[in-house]
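The values are calculated or read from the model by the stated rules, or taken from the named source; none is laboratory data. Because the structure is a prediction, the values reported are computed rather than measured. Glycine gets a Cβ as well: all are built from the backbone with ideal geometry, and neighbour counts include every protein chain shown. Each accessible area value is taken on the protein alone, full model and side chains, heavy atoms only, with ligands, DNA and RNA left out. Shrake-Rupley method; radii C 1.70, N 1.55, O 1.52, S 1.80 Å.
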Amino acid sequence: MKIALGADHGGYELKRMLHGFLEEKGHAVLNMGTDGTASVDYPDHAERVAAAVAGGEADRGIMVCGSGVGACIAANKVPGARASVCHDTYSARQGVEHDDANVLCLGARIIGTHLAFELTSAFLEAKFSGEERHSRRLANVLAIERRY
Ligand code: RB5
């Protein structure tokens, strides 16, 4: 898969580890910065990740900040992005299967590297189920996006 990967300064170190992990698993990584620990603004990088996914340049996105929360709020402002903070593997997988989540947001100050790897695997291995009730709800979500 092609993965857009981004972070702010709080997430940079975990992003670096994730970059290696993703490549080791055979994924192509689109690096959306940041590439150091100097303070940056998470919306800039979250937007790049979300836009790459929404625009079809990447299949999925992963965005890391301190808590994952700010990145998630910013990413969801891009039409077509469906981002969620997931710090448990059930949600990371089910968010894709039921809700067609396409951006995983992680909080580097909350979770460790190995849990981040497991969350990433759960997220990337999952596929949208396409079941009628989930497709209907997804259509409802997209309709909200079009109303505003
Ligand atoms: C940056 O200090 C921090 O606010 C950011 O990484 C993130 O946690 C926001 O949600």
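Is it the case that Arg109 is part of a helix (DSSP H, G or I), in contact (Cβ under 8 Å) with a residue 40 or more places away in the chain and closer than 17 Å to His9 by Cβ?
no
Here is a list: Gly80, Gly55, Gly68, Gly95. Which entry is at positive phi and away from the ligand (no atom under 16 Å from the Cβ)?
Residue meeting the stated conditions: Gly80.
If you go through segment 120-145, how many residues are assigned to a helix (DSSP H, G or I), open to solvent by 80 Å² or more (accessible area, probe 1.4 Å) and either within 25 Å of Ala4 (Cβ to Cβ) or touching a residue at least 24 places away in the same chain (Cβ under 8 Å) (or both)?
Residues meeting the conditions: 3.
Output the number of the condition that Arg109 fails; it satisfies all remaining conditions of (1) open to solvent by less than 40 Å² (accessible area, probe 1.4 Å); (2) of a type outside the set (Ser, Thr, Tyr); (3) over 30 Å from Glu131 (Cα atoms).
Checking Arg109 against (1) open to solvent by less than 40 Å² (accessible area, probe 1.4 Å); (2) of a type outside the set (Ser, Thr, Tyr); (3) over 30 Å from Glu131 (Cα atoms), the one that fails is (1).
Pick from segment 43-52 the residues that are without any contact (Cβ under 8 Å) to a residue 40 or more places away in the chain, within 16 Å of the ligand (Cβ to nearest atom) and not acidic (Asp, Glu): which of them is farthest from Asn76 (Cα to Cα)?
The residue in question is His45.
Go through Lys2, Lys25, Lys15 for me and flag whichever is at pLDDT 95 or above, more than 16 Å from the ligand (Cβ to nearest atom), of a type in the set (D, E, K, R) and touching a Leu at 6+ places or on another chain (Cβ under 7 Å).
Lys2
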